[in-house]
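Here's the structure we're looking at; comments come further down.
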Amino acid sequence: MFLKKNTFKFLLLTVILSVVLSACGTAAAPAAPAAPAAPAAFGQASCAPNCTYKDMVMCYPQLGAESDWRTANTASFKDQAAKDGFQLVFSDAQQKQENQISAVRACIQQGVSVIALPPVVEDGWDAVLTEAKNAGIPVIIVDRSVSADPSLYVSHIGSDMKLEGERAAEEFNKKFPNGAKILELSGTTGSGAAVGRAEGFRAKLNKNIEIIDSQTGNFTRAEAVPVMQAFLQKYKPGTDFQGIFIHNDDMGLGAIEALKAAGVKPGDLFIVSVDGTRGGFQAMIDGWFQADVECNPLLGPQVAEMALKLMNGQPIDKNVLTNETVYYPDKAAELLPSRKY
Ligand code: GZL
C-alpha cells in the first residue's frame, strides 16, 4: 500500500512539474524592442499627419507695395488665407530689408508654423534664416531669390528671372538684326529680379546691340519718371537710342509719362517691359510697349499647399519655377479683360 501511495504522489509531481516547465518553455519570447519612431520631418507640426489649414499660421513679411505686381502678390496670399481658413501674419516692409528681418524675428517669437519670405534683395539673410532654422520654423523663399546657403530654407518658388531677361533680349535681337543702341531701366538694386533680368538680358543680347546706359527706377512708377527725364537730357530718342528694356511695367508707365512730355510718340521707340500687368497690356494696346514678358505674382495657392505639406511631414520640391510666356500687342486687347492683375 505504501508503495502504491508513493508511486501516485511521484506520478502527480511529475505531471505538475512537466506542466509548469512546458508552460515556462512556451512563455512568449521577450518582445523585440520597439523600433524607434521615425524622426519628425523638419517643420512637421504636432497635428501631423492630420493638419488642416485651420492649424496653420503663415508668416508673410511682404517686402512692400511698390508695384501693381506686388499688390497682386499680396492679394494672392490674403485671398488664399481667407479661402483656406489659415491665419496669415502679414506685414509691409516698405522695401526696407531691416523691416523684413524684424518682421521675420517677430514671427519666430510668435512660433508660427511656416515663414514665406519674399526677399527685397538677395544678400543679408543668413543670420535670420539661421535663427528660423534653429527655432524649427521652415522658410519658403517666395518670388525673388536669396544668396544664402540653400540649407537655410526648405524651398524657393518664383520666376526664372534670367529667362525673363533672355526673353526680352530675344525681342531686341529680332527687331534689330543690324544692331541698335538701347537704354535699360532696371529694378531694385541688388534684388534677385533685377540681377537675374539684367544677367539674362546681357547673356542673350546680340553683340551688335549696345546698352549705352542703365539706371535703376527701383521698380516704382514715381522713381522711373526722373530717370527717364535724365536719359532724355543726355540722349536724343531715335538718333542716340532706338529702344528701352524696362524691368517692370510700373517703371514703364513712369517712362511713358516722361517720353510723352518730351514729344515722343508711341512706336517711335522699341520698348520691352516685364510683368504683364493690366497697365502693361494697356501700354501695348496704346502702342508704347512692343512686348511684355510675363512674371506671375499669383503664388498664394501654391505656397499655401507647400506649407500644409510641410506641417504634415510631407516632402516638397526644393525649387518650384512658375511657367511664364511673352505677351504681344496683337493679342493685348483680347486678353486684357481676363487679366487677373
Ligand atoms: C518679380 C518681382 C518684381 C516685379 C516688380 O518677381 O519681384 O518686383 O517684376 C515687383 O513689378 O516690384
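Below, the figures for the structure above:
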read-out	value
Principal-axis tilt of helix 161-175 within the chain, Cα atoms, nearest 10 degrees	30
Mean accessible surface per residue for the stretch 161-295, computed with a 1.4 Å probe while every protein chain stays in place, in Å²	37
Ordering of 304-312, 120-128, 203-211 by packing [mean C-beta count within 10 Å, highest first]	304-312, 120-128, 203-211
Reach of Lys174 by Cα under 15 Å, taken over aspartates and glutamates that are not fewer than 8 positions away in the same chain	Glu166, Glu210, Asp292
Karplus (6.51, -1.76, 1.60) ³J(HN,Hα), θ = phi - 60°, over the stretch 302-314, in Hz, Gly and Pro reported as x	5, 5, 4, 5, 5, 5, 5, 4, 4, 4, 8, x, 9
Calculated FRET value between Lys331 and Lys234, using beta carbons and R₀ = 51 Å, to 0.05	0.90
Two-decimal Rg to Rh for the stretch 161-295 - Kirkwood Rh, Cα set	0.92
Sequence of Asp268, Asp160 from largest to smallest accessible area, 1.4 Å probe	Asp268, Asp160
Mean residue ellipticity (222 nm) of the chain, computed from DSSP H runs ≥ 4 via -39,500 (n - 2.57), nearest 500	-13500 deg cm²/dmol
For Val154, solvent-accessible area (1.4 Å; no DNA, RNA or ligand), Å²	30
Heavy-atom accessible area order for Phe281, Phe176, largest first, 1.4 Å probe	Phe176, Phe281
The stretch 161-295, accessible surface, carbon-and-sulfur percent (1.4 angstrom probe)	50
Mean shadow area of the stretch 200-270, taken as a quarter of the surface of its Cα convex hull (nm²)	4.8
Along each principal axis, Cα extent of the stretch 243-302, largest first, Å	45, 18, 16
Unit Cα scatterers, Debye sum, the chain: log10 I(q)/I(0) for q = 0.06, 0.08 Å⁻¹	-0.32, -0.47
Computed accessible area, Asp317, all protein chains, 1.4 angstrom probe, square angstrom	110
Highest average packing first - 98-104, 287-293, Cβ atoms within 10 Å	287-293, 98-104
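The values are calculated or read from the model by the stated rules, or taken from the named source; none is laboratory data. Model, not experiment: these values are computed from the prediction. As a convention, Cβ positions derive from the backbone with ideal geometry for all residues, glycine included, and neighbour counts pool all protein chains shown. Please note that ligands, DNA and RNA were not included when accessible areas were found on the heavy atoms of the full protein model with its side chains. Shrake-Rupley method; radii C 1.70, N 1.55, O 1.52, S 1.80 Å.
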